[in-house]
1. With the cut-off at 1.5 for a/c, could you classify the chain from its C-alpha gyration tensor as rounded, prolate or oblate?
2. Given the options PHE275, PHE259, LEU288, identify the residue whose Cα lies farthest towards the positive end of the charge dipole of region 253-292 (+1 on Cβ of Lys, Arg; -1 on Cβ of Asp, Glu).
3. Quick check for me: using +1 on Lys/Arg Cβ and -1 on Asp/Glu Cβ, what's the dipole size of the chain about its Cα centre, in debye to the nearest 20?
4. Nearest-5 percent of antiparallel DSSP beta bridges in the chain?
5. How large is the dipole of region 282-432 about the Cα centre if only Lys and Arg carry +1 and Asp and Glu carry -1, each at its Cβ, rounded to the nearest 20 debye?
6. Going by C-beta contacts inside 10 Å, put TRP334, TRP362 in order with the fewest on the left.
7. Classify region 362-435: rounded, prolate or oblate, from the alpha-carbon gyration tensor (a ≥ b ≥ c, eigenvalue square roots; a/c under 1.5 rounded; otherwise prolate if a/b is larger than b/c)?
8. First obtain the Kirkwood hydrodynamic radius of region 232-357 from its Cα pairs, then insert it into the Stokes-Einstein equation at 20 °C and 1.002 mPa s, and state the resulting D in µm² per second as a whole number.
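Only the coordinates and a few stated rules stand behind these numbers; no lab work does. Fair warning: this is a prediction, and the values are worked out from it, not measured in the lab. Note that we place each Cβ from the backbone using ideal geometry, even for glycine, and neighbour counts take in every protein chain shown.
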Amino acid sequence: MADINKTQAEILNKLGIESLNPMQHEAASTIRKEKEIVLLSPTGTGKTLAFLLPIVLGLDVSLKETQALIVAPSRELALQIEQVARDMGSGLKINVFYGGRNFSKDRAELTEPPAILVGTPGRIADHFRRGTVSADHIKTVVLDEFDKSLEIGFENDMLEIMDELVNVEKKILTSATSDIRIPLFVELKNPTHINYLDEAIESLSYRRIVSPKKDKLEALVAALRHLGEQPGIVFCNFKSSIQRVSDFLTENGIEHGCFFGGMEQKDRERALIKFRNGTHRLLLATDLAARGIDVSEIKFIIHYHLPVKEQEFVHRNGRTARMHQEGTAYVLHWEKEELPEFIHIPKEEILLDAPIPGKTGWTTLFISGGRKDKVSKGDIAGLFFKQGELEKGELGVIELKTDCAFVSVPSGKAKMLVKKLTNTRLKKKKVRIVEV
């Protein structure tokens, strides 16, 4: 086994992390030593890094074949895992494949097999059926949030995947839920369990917001005015409700993005990008956003609709107070509405009269060049500072994708930058820049 070019200390430094938390430390140590691991830990505690770190450090960098497979239930979680892996700066080839993506893009990226392949169950199973991905050298498999994959109907695809992995030596299963069933087809014999589910999230507070009316829209607006200019998520139970709530927020001058299963994949991804980079500080979402979205600075979540199941309540709450940061989970309910038995929140939030939160002041721009064009974040920063003449502090978050990139800029300069920079060159590629 060849040594990786990066040490653990170098990877953590690259990520801007001083040290692993107790769960990550125990998980990384156990994964290095054991062959079967079941990792149970609340959302927001850093499970992705916990399993990626020992995998990356254990790969044979001289072998130009796929050695690790990570299966995730949603494209958002798959993309998050890929991003964390890239942010580690290992130099290893990493690809992510998921349903809805053009299969020809997958084929093009497979001309050189990735060391780590991340994907959703349906797409990975499809690749094995077509023979476009070889399982011959895959020694490690991760079934991330495996219970969610089973819950949404991927059991047959997962069974097919596990049947292909005849040479696998290490199996890692992760979940944020205690009530789980490990499927027989995974064939775990004597797994080591790492369970941090009982660890209280000390920085998470709970409050009730009482609506005097059965229709809670006015109470929601009052709550958002009370909370002010903080980033947060409002959860609804149904995608059909999102439009009604969204329209009311728009009528009241509250900027926000939307995120739910009925949206086009491109629109979902852009909604998350704009939420991460501060263009939107509020996201209106279904439970699709309760797992697998990587946004660290979420100060609150609001249960606009009460969750039906306890695990939905837990996963939603896990979007805030992540990685030891403080956050609050608010339950918004009609005064005559009976709370589910798993919700016990005696303390009521008294809403203060406050103005509508101001605009964020940021706009997101799309750039038609990405990693495949050899474009780096430094190239993009250079373009906006030099030719765009932005001042220090005026360039926001840059997100670099395979074939494109996104950057947040001051709203007042967005139109000028589009006009000035579109059709300029990044490396050897002439790029198009538009507002999104």
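1. Oblate.
2. PHE275
3. Details: 62 positive and 61 negative charges, 422 e Å.
Roughly 2020 debye, rounded to the nearest 20.
4. 20
5. 1800
6. Lowest count first: TRP334, TRP362.
7. prolate
8. 141
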